[in-house]
1. I'd like the FRET efficiency for Lys248 and Arg269, computed as 1/(1 + (r/R0)^6) with the beta carbon distance as r and R0 of 30 Å, rounded to 0.05.
2. Would you mind checking segment 47-88 for residues with the amide N under 16 Å from a putative spin-label position 7 Å along Cα→C-beta of Lys99?
3. What order, most packed first, do the peptides 173-180, 284-291 have when packing is the mean number of other Cβ atoms within 10 Å of each residue?
4. Note the direction-averaged projected area, equal to a quarter of the hull surface, for the Cα convex hull of segment 248-309, in nm².
5. Give the Kirkwood hydrodynamic radius (Å, one decimal) of segment 89-210, defined as one over the mean of 1/r across all pairs of different Cα atoms.
6. If you stretched the chain out fully between Arg190 and Lys121, how much longer would it get, using 0.36 nm times the residue separation minus the C-alpha to C-alpha distance?
7. Full-extension gain between Arg237 and Lys304, please, as 0.36 nm times their residue separation minus the C-alpha to C-alpha distance.
8. List, in order, the whole-Hz ³J(HN,Hα) value for each residue of segment 48-59 obtained from phi through the Karplus relation with A = 6.51, B = -1.76, C = 1.60 and θ = phi - 60°; use x for Gly and Pro.
Amino acid sequence: MVFKLLIFNIIMLYIISTKNEFICAKIDFLSYIIIMLSIFDYFDYRKYLNDFYLEKKRQMPYYSLRLIGHAVGMDSGFLIRVLQGTLHISVKKIDAFVKVCKLSCREAVYFEALVNFNKAKSDAQRKVFLEKLLKISGVKSRNIEPFQYEFFQKWYYSAVWSLIQMQPRPADYAAIAALCEPAISEHQARESIELLKRLGLIRHTEAGALTVTDEHLSTGEKWESQAIAGYQLEMLRQGEAAIRRMDKKNRDVSTVTITIPEESLDQLREMTAQYRKSLMALAEELPGPDRAFQVNIQIFPITKKTKDA
């Protein structure tokens, strides 16, 4: 019988902390899971550059940010802040990064549009560059607004929404930031709330508190699936970081490796779909939620298909 070896991972971790403890959200580059997508799957050039660096570091341990900085004519300290998402590269540096990453002509055009998209100051500008990105990557647009993509680019947007879903709360950015696990900055909390408002996912009550609406994001379109690939990577990285940072009593990680006929993969998908539905039903039934959890379910092959016996 033909078998295919699959690994089934279920990762449960805390994303929100009910304790008002501010945990520094300092980035440890080498603690991240190294997963490189095609550049056409990225909507933040800084994420792409960070993943590029991590992959190079995995292949060549001597590879460093200093080497990249020297190649592009940039101080390594400034480059670190770019990869952390707090600074941008200048347009003049685009060609240098294209050479470092050894991008093809089409990839280079996409990278340039990506830089301009991330640096755009208005929705009108972002929409122009977003449409260019979709055209280059081959995804057809259906009047997509840039902020709809943005929701899937940061893990803490979901965390902030979950906090407000659990109970209406004042727009206290410091308090909301400290409740996230790991803690985010006040600026990130404000950014999250502004985006959630624009998406129609939260609103102000008559008393001025923030509360959720009945609106939900759809994830059925191809462009949304492309954006969600980046979101899933964000959550995988949060899961990896949680294993390193959290005590076992505060998380649950289970893995199992199984061998099955390849045609049974759809049956596994159906089982995980039912499991997700049961989780959602349980969440609806349990009263008084006070903490949000992220549940990641992964099924992927770890061997090639074997020949028929």
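1. 0.55
2. Label zone hits: 67-75.
3. Output ranking for 173-180, 284-291: 173-180, 284-291.
4. Its Cα hull, projected and averaged over all orientations, spans 5.9 nm².
5. 16.4 Å is the Kirkwood radius here.
6. 23.1 nm
7. 21.6 nm
8. 4, 5, 5, 5, 4, 4, 4, 5, 4, 5, 5, 6
Where a number appears in this text, it was derived from the coordinates with a stated rule and is not lab data. Remember, predicted model here, so these are calculated numbers, not experimental data. Here Cβ is always computed from backbone atoms with ideal geometry, including for glycine, and neighbour counts include all displayed protein chains.
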